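Encoded as structure tokens, the structure appears first; notes follow it.
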Amino acid sequence: MERYKNVNINKFLISLFANRKLFIPNLTTDEQQVLHSLIQRQDIVIRPTDKNTGIAVFDSNVYGSKVLQQLLDEEFYKQLHYNPTRQTFQRIKLELNKLFQSKNINFQTLKYIEPKQSTCGSFIFYQNYTRRIALADQLCPASNI
């Protein structure tokens, strides 16, 4: 991909692990360049593992089908025909204000945990841009926000 030609490998890796307090690269420059070339590939997906203990590399078709398999499992996921984000946002604010009014939390706690804006999360996993838009629209229709 053209847009990654000017990426500084060291800066990229540091930003990738920015949440870690002491990051000391454990890869040589050659290894970093190989990692960068892997990231550019369209036929694989590179994702962090659970608890950020490393990375996992998947065939992009297998990854996409596994994600869809999980999302279509009706035991854990339910397809919504509306976006509940604003409604959930308002309900959270109402419940927090009730806690504040009943003196179960103080003003500082209220302001700290109160959601600041109603936004919709996104879940995008396709490499193909057109399919990304279609999936994002299914999960968070712009007309309902």
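General observations
- Multiplying the residue separation of V62 and L110 by 0.36 nm and subtracting their alpha-carbon distance yields 12.9 nm.
- Straight-distance crosslink candidates among aspartates and glutamates, where the alpha carbon sits under 20 Å from K93 and sequence neighbours closer than 8 are dropped: E114
- At full extension, T88 and Q33 could sit 15.4 nm farther apart than now, given 0.36 nm per residue minus the alpha carbon distance.
- Rounded FRET efficiency, nearest 0.05, which uses the C-beta distance separating S118 from Q79 and R0 of 30 Å: 0.90
Rule-based calculations on the coordinates, nothing more; no lab input. Since this is a predicted model, take the numbers as computed values, not measurements. When we count neighbours, we look across all protein chains shown, and the Cβ atoms used for this are built from the backbone with ideal geometry, even at glycine.
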